[in-house]
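Chemist: If you scroll down you'll find the structure; I have some questions about it.
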Amino acid sequence: MPTVITSHRCSICRSTLRADLEREARQGASIRRLTIWAADHGTHLSRAAISRHLREHFRAQEAIAEAYEKQALLEDVIEQGVNDIQRLDQAIADNAALATRVRNEVLMRLTDSQAIPMSLASLLKGAYEEMRMAILAKQKLLGDTPTDDLTQLLLEALNGDEERELDDHGDSV
């Protein structure tokens, strides 16, 4: 916690707005902007008083270090979020490729009137479920609030393309 330097002669040190004014200064407000800000909050503070207070009583170096640490933490959180989204994108792509290969195999077997092993059906279902879960997780990380119905519509649209390629007898059109 930064050491607070105070002076009984400093109008800002005695002000109830000190903490808020210093917070505004940490966020980059200019002295002119701080003067306006104080007036907006019912207190007249001169530019000279603000400048003197920031120079003599405000621990700018500590505020800068604190802001730097927060910035570094924020950058780490952002980097982790981007990495998570990239992993989800890869999972979606991998499962889409797997689903396409399995779906093509199922369609080929249907065309040849062959039985479809339960393992293929389970694999296809699993690939779609993994895609759905990855899409939902990505949307959550991006701050979207999708409903399950929206994701389901997307998956049905992906499945529907394959279904439209076959006629009623299972033959390609």
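Chemist: Extending each Cα 7 Å along its Cβ direction at residue 104 and residue 16, get the distance between those two points in nm, one decimal.
Modeler: Spacing of the two 7 Å Cα→Cβ label points: 7.3 nm.
Chemist: Among the trypsin sites (Lys or Arg not before Pro) within segment 50-119, which fall in a DSSP loop and have no more than 16 other Cβ atoms within 10 Å of their own Cβ? Intermediate values should be presented prior to the final figure.
Modeler: On the way: sites: 52, 55, 59, 70, 87, 101, 103, 109; in loops: 59.
Those satisfying the criteria are 59.
Chemist: Here is a follow-up. Shape call for segment 1-117 from the C-alpha gyration tensor, a ≥ b ≥ c root eigenvalues: rounded (a/c under 1.5), prolate (a/b greater than b/c) or oblate? All intermediate terms of the calculation are to be shown ahead of the outcome.
Modeler: Numbers: a/c = 6.97, a/b = 4.39, b/c = 1.59.
Prolate, since a/c reaches 1.5 and a/b exceeds b/c.
Chemist: Taking square-rooted eigenvalues a ≥ b ≥ c of the alpha carbon gyration tensor, is segment 61-138 rounded, prolate or oblate, where a/c under 1.5 means rounded and, failing that, a/b exceeding b/c means prolate? Intermediate results must be reported in sequence, preceding the final value.
Modeler: Details: a/c = 8.20, a/b = 5.54, b/c = 1.48.
Prolate is the answer for segment 61-138, as a/c is 1.5 or above and a/b outweighs b/c.
Chemist: So, one more: How big is the dipole moment of segment 1-137 about its Cα centre under a simple scheme where the beta carbon of each Lys and Arg is +1, that of each Asp and Glu is -1, and everything else is neutral? Debye, nearest 20, please. Can you show the working numbers first?
Modeler: Working: 18 positive and 18 negative charges, 173 e Å.
Here the size comes out at about 840 debye.
Any read-out appearing in this document is the output of simple, stated calculations on the displayed coordinates, not a laboratory observation. The structure presented is a predicted model; accordingly, all values stated were derived computationally and were not measured. Every residue, glycine as well, gets a Cβ built from its backbone with ideal geometry; the counts of neighbours run over all protein chains shown.
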